[in-house]
Amino acid sequence: MLTMAPKGTRDILPDEIYKWYYVEEKFREVANRFGFREIRIPVFEHTELFQRGVGDTTDIVQKEMYTFNDKGGRSITLRPEGTAGVVRSYIQNGMSSWPQPVKLFYNITAYRYENVQKGRYREFHQFGVELFGSADPGADAEVISLLHLYFNELGIKNLKLNINSIGCPVCREKYNKILKEYLGIRLGKLCETCRDRFNRNPMRILDCKIESCKNELVNAPALLDHICEDCAMHFDKVREKLITMDIPFSIDKGIVRGLDYYTRTVFEFVSENIGSQGTVCGGGRYDGLVEACGGSPTPGIGFGLGIERLLLEMDSQNIEVPLPEGPDIFIGFIGEKAEKLAESIALKLRTAGIPCEKDIMGRSVKSQMKYANKINARFAIILGDSEVESGKAELKNMSTGETKDIHIDTIVDRLLKYKQGNKNE
RNA sequence: GUGGGUGUAGCUCAGUUGGUUAGAGCGCCAGAUUGUGGCUCUGGAGGCCGUGGGUUCGAUUCCCACCAUUCACCCCA
């Protein structure tokens with residue numbers, strides 16, 4: 001137990017971190033291109049923020065939060081997602097008086113107490129984007145196109161984009177009446193949980209996976225067919241824009257975001273290759289959220305993108321990420337005088353910005369060379385008494401095996417030139 | 001919370017029809033004439049065979065429980 005990471009958490013080791021750097025840098029870069037700026041928010045917030053911002057009736061709040069009292073008696077919760085914290089920050093920092101729209105992105109860990117399975121962990125990583133201040137369908141399209149571009153540039157194929165509209169509170173209320181009429185007559189045939197949902201959140205019944213319930217629901221009215229005129233027009237425009245931008249999508253009337261404050265557009269990017277938790281990215285519009293959290297009415301839209309799932313998908317598609325490079329040079333030595341020389345050269349190289357390693361294991365020359373090979377050093381040099389005396393040494397190119405006699409004083413210059421692209425040096 | 005699979009070396013996995021010192025490949029460390037890697041060869045380190053209990057003369061092997069892990073349900077990233 002002492003030597004085991006807690007359930008649902010894991011280490012990201014040096015051998016795989018380059019993949020993380022790669023997708024992180026790409027995400028920052030693409031988000032910046034769209035004018036989104038990075039925000040960093042706390043890992044924990046007041047519990048009530050999530051109760052409000054995520055919604056009291058959701059599974060997340062009801063059973064998945066890491067909640068505890070701090071020593072001051074405050075109820076604190078580790079963030080189960082990113083949106084609520086960003087919304088809080090938007091309000092707290094008066095972002096409504098920033099130039100509009102406010103476009104933010106983030107790279108966070110999040111925490112949910114759930115059973116672990118493929119692509120689902122208790123501590124997981126998300127990229128996200130939140131766009132405040134625009135109710136325009138263009139904002140929806142922009143956020144979705146950001147994702148489309150991002151996946152494209154990573155080389156990911158075949159992620160399926162599903163979109164839907166769940167209307168506004170007004171149309172949802174109307175729809176709920178219609179749905180309840182439909183369900184009311186069939187209530188007896190539904191499972192226990194569904195009967196429970198009937199009063200609390202009838203829309204969730206449509207999500208039920210139990211066969212007998214599904215059978216009763218085949219002809220159930222879909223929310224999309226009952227949204228009001230404004231919402232329908234909004235949805236039409238979003239679709240038009242996606243078509244104009246050549247972004248393929250399907251309409252999935254079944255997407256019903258569990259989070260309470262979602263309005264109008266909801267969407268997800270789904271994979272079929274990474275197990276049953278195939279949603280790589282989920283998002284939508286939340287025009288009521290800022291107000292619900294205590295701010296003035298502000299439209300918003302955003303998404304969360306699961307990094308673990310993204311990486312699983314990239315693996316399943318055999319997408320190659322450029323491997324990290326080894327140090328430019330390994331400095332080996334034998335003897336005390338040579339060691340001092342090696343130390344001073346290593347410091348000069350490092351000061352000049354040249355990655356280099358020097359033996360600190362007291363190994364034989366042969367073993368030092370083996371090590372230089374394992375760490376994928378570009379060059380190696382071995383210093384001994386004769387090198388100390390003559391000021392010259394053999395610089396060995398580790399990939400070709402060629403050696404060149406050089407003056408030790410010139411080593412920094414030579415490697416700098418090499419790095420500047422003069423690979424012939 | 002529920003159900004199935006799996007726990008033997010750092011990793012991937014053999015194996016013992018229950019019987020003394022538990023194996024391979026990879027990885028790690030070192031050596032193959034004295035100061036030069038990759039290939040090859042040799043050697044070495046490293047296992048309470050997940051934990052606890054039961055059956056037995058004897059358990060890593062059979063049984064039970066627990067724990068961990070994994071996949072799935074629910075839900076979500």
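The table below gives the values:
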read-out	value
From phi via Karplus (6.51, -1.76, 1.60), per-residue ³J(HN,Hα) for segment A:300-306 in Hz, x at Gly/Pro	x, 8, x, 8, x, 10, x
Percent accessible area from carbon and sulfur atoms, chain A, protein chains only, probe 1.4 Å	49 percent
Pair-distance profile P(r), taking every C-alpha pair of segment A:329-417, with 5 angstrom steps and integer %	3, 15, 28, 29, 20, 5, 0
Positive-end residue of A:Ile39, A:Met65, A:Leu179, charge dipole of chain A with Cβ unit charges	A:Leu179
Cα pair distances in chain A, grouped into 10 Å bins until the bin that holds the longest one, percent each	4, 17, 23, 19, 14, 10, 7, 4, 1, 0
At least 15 Å along the helix axis (C-alpha) and Kyte average at least -1.0, DSSP helices within chain A	A:137-154, A:169-186, A:229-244, A:336-351
Sparsely packed trypsin sites (Lys or Arg not before Pro) within segment A:138-193, loop by DSSP, other Cβ within 10 Å at most 13	A:Lys157
Share antiparallel - DSSP beta bridges, segment A:329-417, percent rounded to 5	50 percent
Amide proton proximity set for A:Ile382, modelled H, under 5 Å, gap of 5+	A:Gly332, A:Glu394
Percent breakdown of C-alpha pair distances by 5 Å bin, ordered from the shortest bin, for segment A:43-124	3, 14, 22, 21, 18, 11, 7, 3, 0
Those aspartates and glutamates that a straight Cα-Cα span of less than 19 Å connects to A:Lys404, excepting residues fewer than 8 apart in one chain	A:Asp328, A:Asp385, A:Glu387, A:Glu389, A:Glu394, A:Asp413, A:Glu425
Burial order of peptide ranges A:388-395, A:14-21 (average beta-carbon count within 10 Å, highest first)	A:388-395, A:14-21
1.4 Å probe accessible area per residue over chain A, in Å²	52 Å²
Segment A:329-417 - percent relative contact order, Cα under 8 Å, separation 6 or more	32 percent
Pairs beyond 23 Å (Cα-Cα), from A:Lys396/A:Lys419; A:Lys19/A:Lys103; A:Lys26/A:Lys253; A:Lys180/A:Lys253	A:Lys19/A:Lys103; A:Lys26/A:Lys253
Lysines whose Cα lies under 18 Å from that of A:Lys118, excluding same-chain neighbours fewer than 8 positions away	A:Lys7
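The values are calculated or read from the model by the stated rules, or taken from the named source; none is laboratory data. What you see is a predicted model, and the numbers here were worked out from it, not measured in a lab. With ideal geometry, Cβ positions are generated from the backbone for all residues, glycine too; neighbour counts draw on all protein chains shown. Accessible surface areas use protein heavy atoms only, side chains included; no ligands, DNA or RNA. Shrake-Rupley method; radii C 1.70, N 1.55, O 1.52, S 1.80 Å.
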